[in-house]
Amino acid sequence: MKNILSFFLLLLTATAVNAQAWVSRHNLTAAQYQTEFTKWTGQGYRLKQVSGYSAAGQDRYAAIFEKTSGPAWSAKHGLTAAQYQTEFNTMTGQGYRPVLVSGFPSGSQAKYACIFVKENNAPQWASKHGMTAAQYQAEFTKWTGQGYRLTDISGYTVGGTDYYAAIFEKTSGPAWSAKHGLTAAQYQTEFNTMNSQGYRLVKVSGYSGKYAAIWDKSSSPAWVARHNIAGAQGYQDEFDRQYYQGYRPVWINGGAFGNQDNYAGIWVSADPFNGADMAAVDALVKKYMDDNAIPGLSFAISRNGKLVLAKTYGLADKEAGERVAPRHRFRVASVSKPLTSVAIMRLIQDKQLSLTDKVFGTGALLGTTYGTKAYSNQIKNITLNHLLTHTAGGWGNQSNDPMFQDKTWDMTKLISNTLDNIALTDAPAPSIRTPTLAIVCWGELLKRKPARPTPTT
């Protein structure tokens, strides 16, 4: 059953990816980033955002590509300060202007990744990089005093000193605010304050445990933001949580906090679930978890053959404090019975299985694959119907349920140990119930028979 479910989830994910007009990547080496850049730009995608950072002593990149039209553009990465200045002079001399500059530490020096565009009627602009905190504050005061807005900010730390790269544009727009040099606690306080006043986070840059950010008071799709996400897997988990709730990333920032790579991101959704409805669902789930002392939980909803929502709650590992993510697998239990039964009955309908098929023994569906001892006649008489109807004659779900002999066992170990060491108490008969081991056997049966081909659209 797991294989079939995994196949359908993979199919749904592939369909979504093929239909979407964006691609997001993170934790790429310079070579990997170049490969992704070449691949997606070759398919008509534009680089919308790139973040350079250091992880484990190596240059890393995170990026977002979108398949949209727009003016001519150019992007570079891995440039030293001198190389960036040369590139800046060349591009601006050709009528381009920078719209994003990401500075990051690379060993003992700063490097840069950047995006330039060539626009008609471009606004007046100013761009600076390699600024200390004091220099940045002076530039900020100067340009905002002349009616410019801060449109891009990147903080980075080299040799223990914080530096900034920034872009200012003389354009009209909604009210805005920007802060830099904030600790994680200060940033969270500022975030809460701005959010309560109707501002949305536009850009955020994390560096050495500090944050610089830009907010504006504009209307926008529903959005969420996260920061201080530790490690590439931690970011992937958060990405998956948001993706399966209908959000897509519009900003990803990578940074290094100590020896750990760290991420911040912004996601938006044009078609969010009703907030009141989701709050009611969250409250219901919380009560259920509290009432039953459940540390972690996830659920998924599909409609018309498509996954429309997957959401996670609580902890997957209480001791480690690891939150549940869509990648976490929960142990097979009774919730899978209806799904397994439907799949089995479909195979029966297609005449690939029969209710009277024997399960164990020479010539049976699973043959003698499992266990090391000779099968009893009772075991050899178990049919597919017995497993479906819980009438195989034993392996009950009371205190000695075989399913939970050892939670570290895989399917092979579980079935083999049960057959070898737990005898049936009765002959297979309609009056005797057998629960959870049947689920595992069903799963193995499904692996042995080909699934019905899925029609393509």
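Could you list the trypsin sites (Lys or Arg not before Pro) in the stretch 170-266 that lie in coil according to DSSP, counting only those with at most 15 other Cβ atoms within 10 Å of their Cβ?
Answer by residue number: Lys170, Lys217.
How long is the gain from Ser219 to Thr86 if the chain were fully straight, where each residue apart is worth 0.36 nm and the alpha carbon distance is subtracted?
44.1 nm
Does anything in the stretch 242-263 have its amide N under 17 Å from the 7 Å Cα→Cβ label point of Ala75, and if so which residues?
249-255
Assuming R0 = 41 Å, can you tell me the calculated FRET efficiency for the pair Ala185 and Ser334, based on Cβ-Cβ distance, to the nearest 0.05?
0.40
Over the chain, what relative contact order in percent results from Cα pairs under 8 Å that are six or more residues apart?
10 percent
What relative contact order, as a whole-number percentage, does the stretch 21-272 give when Cα pairs under 8 Å and 6 or more residues apart are counted?
Once divided by the residue count of the stretch 21-272, the mean separation gives 17 percent.
Given Gln405, Gly296, Gly246, which one lies farthest toward the positive end of the charge dipole of the chain, if we put +1 on the Cβ of every Lys and Arg and -1 on the Cβ of every Asp and Glu?
In the chain, that residue is Gly246.
Mind jotting down the distance between the C-alpha centroids of the stretch 352-381 and the stretch 37-77, whole Å?
56 Å
Can you tell me how much longer the chain between Lys170 and Asp350 gets when fully stretched, taken as 0.36 nm per residue apart minus their C-alpha distance, in nm with one decimal?
Here the segment from Lys170 to Asp350 would lengthen by 58.0 nm.
Under the definition of Cα pairs under 8 Å and six or more residues apart, what whole-number percent is the relative contact order of the stretch 191-328?
For the stretch 191-328, the relative contact order is 21 percent.
Taking the alpha-carbon centroid of each part, what is the distance from the stretch 104-160 to the stretch 281-323 in angstrom?
The stretch 104-160 and the stretch 281-323 have Cα centres separated by 42 Å.
Dipole size in debye (nearest 20) for the stretch 287-359 around its Cα centre, Lys and Arg Cβ +1, Asp and Glu Cβ -1?
It works out to roughly 300 debye.
Name the residue farthest towards the positive end of the dipole of the chain from the options Gly363, Thr391, Asn27, assuming +1 on Cβ of Lys and Arg, -1 on Cβ of Asp and Glu, about the Cα centre.
Most positive-ward Cα: Gly363.
In Å, what is the Rg of the alpha-carbon atoms in the stretch 52-157, and how long is Dmax?
For the stretch 52-157, the Cα radius of gyration and maximum Cα-Cα distance read 14.5, 43 Å.
Students often forget the sequence filter, so: which lysines lie under 30 Å Cα-Cα from Lys217 once same-chain residues fewer than 8 apart are removed?
Leaving aside lysines fewer than 8 places away in the same chain, those within reach of Lys217 are Lys48, Lys67, Lys118, Lys128, Lys142, Lys170, Lys179, Lys203, Lys311.
Contour minus end-to-end for Glu322 and Ala374, with contour as 0.36 nm per residue of separation and end-to-end as the Cα-Cα distance?
Net length gain for the segment: 14.3 nm.
Just add up the charged neighbours of Pro71: K/R +1, D/E -1, any other residue whose Cβ is under 9 Å from the Cβ of Pro71.
With Lys, Arg at +1 and Asp, Glu at -1, the net is 0.
Give the residue from Ile214, Phe116, Gly231 lying farthest towards the positive end of the charge dipole for the chain; charges sit on Cβ (+1 for Lys and Arg, -1 for Asp and Glu) and the dipole is referred to the Cα centre.
Final value for the positive-end residue is Phe116.
Rounded to the nearest 20 debye, what is the charge dipole size of the chain about its Cα centre when +1 sits on each Lys and Arg Cβ and -1 on each Asp and Glu Cβ?
840 debye
Would you please classify the overall shape of the stretch 21-272 from the alpha carbon gyration tensor, given that a ≥ b ≥ c denote the square roots of the eigenvalues, rounded means a/c under 1.5, and beyond that prolate means a/b larger than b/c while oblate covers the rest?
Here the stretch 21-272 falls in the rounded category.
Tell me, what is the FRET efficiency for Lys287 and Glu119 to the nearest 0.05, using R0 = 60 angstrom and their Cβ-Cβ distance as r?
The formula returns an efficiency of 0.65 here.
Excluding residues fewer than 8 places away in the same chain, name every one of the aspartates and glutamates whose C-alpha is closer than 19 Å to that of Lys210.
Asp152, Asp162, Glu190, Asp261
Read-outs throughout are calculated quantities, based only on the coordinates presented, and are distinct from any laboratory measurement. The model shown is predicted, which means the values in this text are computed figures rather than measured ones. For neighbour counting, all protein chains shown are included, and Cβ atoms are generated from backbone atoms with ideal geometry for every residue, glycine included.
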